[in-house]
């Protein structure tokens, strides 16, 4: 990613401060990204091809101010971090026990120690967590996360109602963006993929999270959840624009 493209990307997520490769910068960028760039599968639901090419991802997320799912969001965020001087590797994950290879993409960022970054999993940690720790860690969202050894990989868990629920397994190895093409194709076309079955748009907010699931608008504020049913397509269009910054001309 060129310096000019990186500057445009930083403006897209509302970052105007220092951008040197440090832990503080990583934390700030990670949190800002999750609050400004929605996790969304609108292109998948419309049957559009999703090319895993940096230029295409940049056009969609930065130029057209769209969001995307894990391959797009983490793929481009990783390129931004590399452009800023961070040492970044793409990690393959499996969300379900029987998930396909390259079911999910996450990021390893090496500073003085290794960090797990992920701006493409929807409702998850707001700030990166240490890859080398095997004890509970604060995800910056008031919840605890833990990485456990799992054969030769790692299992990310989150504490929910007193038990450690599986988030996803991180498989060993570091991969190029092209390695995720088949996983991206599967999740954008297969009728068995959750992304082809229903529309989901979500982003973090300063007080919690806002999500559009089909026609249900779900808002969480400091742990208090409320839902409302949107009556028609016009209401959905307004919600996409007003709550997620997705205007009709950008969703194409």
Looking only at region 131-142, filter to residues that are surrounded by fewer than 16 Cβ atoms within 10 Å (Cβ to Cβ) and under 21 Å from the mean Cα position of the chain (by Cα); which one of those is farthest from residue 115 (Cα to Cα)? 142
Can you tell me which of (1) out of contact with any helix residue (DSSP H, G or I) (no Cβ under 6 Å at 6 or more places or on another chain); (2) in contact (Cβ under 8 Å) with a residue 24 or more places away in the chain; (3) assigned to a helix (DSSP H, G or I) is the one residue 71 doesn't meet? (1)
Of the listed residues (189, 211, 202), the one being out of contact with any helix residue (DSSP H, G or I) (no Cβ under 6 Å at 6 or more places or on another chain), under 21 Å from residue 58 (Cα atoms) and at pLDDT 95 or above is 202
Considering each residue of region 12-34, count those that are touching a residue at least 60 places away in the same chain (Cβ under 8 Å) and surrounded by fewer than 17 Cβ atoms within 10 Å (Cβ to Cβ), and give that number. 5
When (1) over 17 Å from the mean Cα position of the chain (by Cα); (2) surrounded by fewer than 18 Cβ atoms within 10 Å (Cβ to Cβ); (3) modelled with pLDDT of 95 or more are applied to residue 99, the one that fails is (3)
Exactly one condition in (1) surrounded by fewer than 23 Cβ atoms within 10 Å (Cβ to Cβ); (2) outside any loop (DSSP other than H, G, I, E, B); (3) in contact with a helix residue (DSSP H, G or I) (Cβ under 7 Å, 6 or more places away or on another chain) is false for residue 50; which is it? (2)
List the number of the failed condition for residue 176; all other conditions in (1) at pLDDT 95 or above; (2) over 19 Å from residue 122 (Cβ atoms); (3) touching a strand residue (DSSP E or B) at 6+ places or on another chain (Cβ under 6 Å) hold. (3)
The condition of being under 18 Å from the mean Cα position of the chain (by Cα), surrounded by fewer than 16 Cβ atoms within 10 Å (Cβ to Cβ) and not in a loop (DSSP other than H, G, I, E, B) holds, among 56, 7, only for 56
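The values are calculated or read from the model by the stated rules, or taken from the named source; none is laboratory data. Not measured: the values here are computed from a predicted model. Neighbour counts are summed over all protein chains in view; Cβ atoms, including those assigned to glycine, are modelled from backbone coordinates with ideal geometry.
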